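To keep things clear, I will list the structure first and then write my remarks on it.
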């Protein structure tokens, strides 16, 4: 069965669902309509106002209603009672991790109240422009992957291993930029946007470089990577189109970014030794890939799709960017001001909306089912 891409981009919305006899394409009315069976209503309240952090690119939620939103111009620490805005250099976009009740943001430790506690290392983004893509701890080492753009120079993708005292242990550079992620055991996965895939181990090869586990080509070219204990997920597409590019080059990773066009995405699942397990084609631009507990993969972007063992189980193409998150067996889908809870075959279990015309750009669900939505203007909380 084939689907014309032109159909999926029209205002009419389409669902592709699995059945015992194959795949079923269902038309569900025009863009303002929703499929039948909305389920219980999801209710959202405005939790905090965001001002001065510019474009949000990371959301972390903690206990007791603590929320961290990191943007290109600073970060916000919010609770039910207060929201502290800490402004930073707008040309540098670090990301944060939590550790022992503290926040590591860029090179600095912070408390959840926004007080600076100390410094970890000389951050690769300092002295230039760029953004951090991943941070993790492997043993006693910190590992970070960043897109670094020194003034008047091109963008490079750089991975660093940092000793506990802050001294750089190793580095690895991919010229021209790309995307990267950190997987289990401190393995670093880098793609350069032109078909090169590199997997690094957090150990030295005798020349102050990390051991290279894989250095191979992908086809089509990979533009996004995600990895977990089960392996590597790549989103791939041909390179000959302007619509892939954002302000940092051909990296369609920023959550507030929407492509200028559409494309067919190849979702490729790999082992950490570079062996391909399976691949599937998705008839819209994929910008996010999340693996569910049963091994299936949810892809968000200019639509939402679920793939299991290389087979497209169901999909829906949507005219605005979609963000996805998981809660137990369910999938939370945010597009524009609409938030949906759907099951593994795409049936709507609940629906709601936020009163914010800026629309969702970040989404997270806590274990108790609380849904957090961030727009460029505010943080929203719902169930």
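The table that follows gives values for the structure above.
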quantity: The stretch 303-366: relative contact order as a whole-number percent, Cα under 8 Å and 6+ apart; calculated: 25 percent
quantity: Additional length obtainable on full extension of the chain from residue 229 to residue 343, 0.36 nm per residue less Cα span; calculated: 38.7 nm
quantity: Spin-label model distance (nm) - residue 311 vs residue 368, 7 Å beyond Cα toward Cβ; calculated: 3.9 nm
quantity: Residues of the stretch 99-114 with amide N under 13 Å of a point placed 7 Å along Cα→Cβ from residue 137; calculated: 99-105, 109-110
quantity: FRET efficiency, residue 46 to residue 290 (Cβ-Cβ, R0 25 Å, nearest 0.05); calculated: 0.45
quantity: Overall form of the stretch 49-120 per C-alpha gyration tensor (a/c, 1.5; a/b vs b/c); calculated: oblate
quantity: Debye intensity ratio in log₁₀ form over the Cα atoms of the stretch 57-199, taken at each q of 0.14 Å⁻¹; calculated: -0.67
quantity: Efficiency of FRET from Cβ geometry, residue 163 and residue 102, R₀ 25 Å, rounded to 0.05; calculated: 0.85
quantity: Sites residue 86 and residue 175 - FRET efficiency at Förster radius 35 Å, r taken between beta-carbons, to 0.05; calculated: 0.60
quantity: Peptide ranges 373-381, 208-216, 51-59 listed from the most packed, as the mean C-beta count within 10 angstrom indicates; calculated: 373-381, 51-59, 208-216
quantity: Under 12 Å from the residue 209 label point (7 Å along Cα→beta-carbon), backbone N, the stretch 164-181; calculated: 171-174
quantity: Percentage relative contact order, the stretch 49-120, counting C-alpha pairs under 8 Å, at least six apart; calculated: 21 percent
quantity: Sorted by Cβ density within 10 Å, fewest first, the residues 349, 157; calculated: 349, 157
quantity: Cα→Cβ-extended label distance, 7 Å offset, between residue 113 and residue 327, nm; calculated: 3.2 nm
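Each value in this text was obtained by applying a stated rule to the coordinates, not by laboratory testing. Remember, it's a predicted structure, so these values are computed and weren't measured experimentally. Note that we place each Cβ from the backbone using ideal geometry, even for glycine, and neighbour counts take in every protein chain shown.
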